[in-house]
Amino acid sequence: MSTAGSAKSVLKTGVKRLLGRAGFDIVRSTNSRGGVDDFIPFEATMRAARAAGLSVGDYVDEVMNGTPGATQSTIDELRALGVFAANPGTVLEIGPGSGRYLEKTLKECSPDRYEIYETARPWADHLVDTYKVVARPTEGSSLAPTPDASIDLVQAHKVFNTVTFLCASRYYFEMARVTRPGGRIIFDVMTENCLDPATMRTWATKGGAGHGSYPATMPRQTCVDLFATLGCSLEAGFLAPMGVASTEVLVFKKSA
Ligand SMILES: C[S@@+](CC[C@H](N)C(=O)[O-])C[C@H]1O[C@@H](n2cnc3c(N)ncnc32)[C@H](O)[C@@H]1O
């Protein structure tokens, strides 16, 4: 192995050892209400990404989660579905964290406004400084500062498999409220499509300690039925890597 390769491997082993939970080392965010509001430490992660010669997004994918290219593959699927070709003028993201999906979304489209709702304050500040997004006050599961029907693309990645059932459910209603007719709602959840018996065994044997509400499941049909009552129909679903297995990304469109 090359020196760079072995340094990366040592770093990876060290980081993995540190990670107690969802492939993420955890820091308590400023307005934390318990385990699920926590996220990886800002300074240490930025330093480690720099040391590994990776963007923070690629570092999270590659080193922390052991799923290189995972973020890009989801973005590629969304592009193929025409999500970015629709030229969303306003985007809202819940729980962007390090900004790995945000960064790649902004390579695909140029919204006039990109709002974020993020409980981990250092990461929210970093995203505001780096990408000029608008950080909204984040309390529980409310998108109250965002007006009704004002957003073209609402997204959340790797958030609803880490929060409680109530938190996710309340956010779903809010997501439907803020989405413009013709707009899209995209999020991933650990549905029954991600939980065949072999995968259950993988979770049981290799899933680690978990924490609080992680990993959380959500029936696919429950989402489909709920969003149908909110005027949003399912356009597509596809699997994306998450932890030792996967989540299912659901793409909804609000009727025009
Ligand atoms: C597992 S991380 C995923 C981060 C990022 N989307 C990614 O895929 O790398 C979950 C994110 O949701 C944030 N979060 C937790 N509870 C939240 C809440 N109630 N509202 C908004 N964000 C929340 C965390 O701070 C963290 O950034």
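Every read-out reported here was derived from the displayed coordinates using simple, explicitly stated rules and does not represent laboratory data. Fair warning: this is a prediction, and the values are worked out from it, not measured in the lab. We place every Cβ from the backbone using ideal geometry, glycine too, and count neighbours over all the protein chains shown.
In the chain, Cα pairs under 8 Å separated by at least six residues give a relative contact order of 18 percent. Average 1/r across all pairs of distinct alpha carbons in region 105-256, invert it, and you get the Kirkwood radius: 16.4 Å.
Dividing the helix sum by the residues of the chain, where each DSSP H run of 4 or more adds -39500 (n - 2.57), gives a mean residue ellipticity at 222 nm of -11000 deg cm²/dmol. Per q in 0.11, 0.13, 0.16 1/Å, what log10 I(q)/I(0) does a Debye calculation on the alpha-carbon atoms of the chain return? Values, matching the q order: -0.57, -0.81, -1.26. FRET efficiency for the Thr229 to Ser142 pair, using the beta carbon distance and R₀ = 22 Å, is estimated at 0.65. Residues whose amide H comes within less than 5 Å of that of Thr191, counting only those at least five positions distant or on another chain, are Met218, Glu248 (H built at 1.01 Å from N in the peptide plane). Using a Gaussian network model of the chain with C-alpha springs under 10 Å, which one of Gly182, Gly208, Gly82 is most mobile by mean-square fluctuation? Largest GNM mean-square fluctuation: Gly82. In terms of other Cβ atoms within 10 Å, Tyr59, Tyr131 run from fewest to most in the order Tyr131, Tyr59. Considering only beta bridges that DSSP places wholly inside the chain, some 55 percent are antiparallel.
Ordering Leu92, Leu78 from the fewest to the most neighbouring beta carbons within 10 Å gives Leu78, Leu92.
Contact order for region 77-130, expressed relative to its length and based on alpha carbon pairs under 8 Å spaced 6+ residues apart, stands at 40 percent.
Going from the fewest other Cβ atoms within 10 Å to the most, the residues His157, His211 appear in the order His211, His157.
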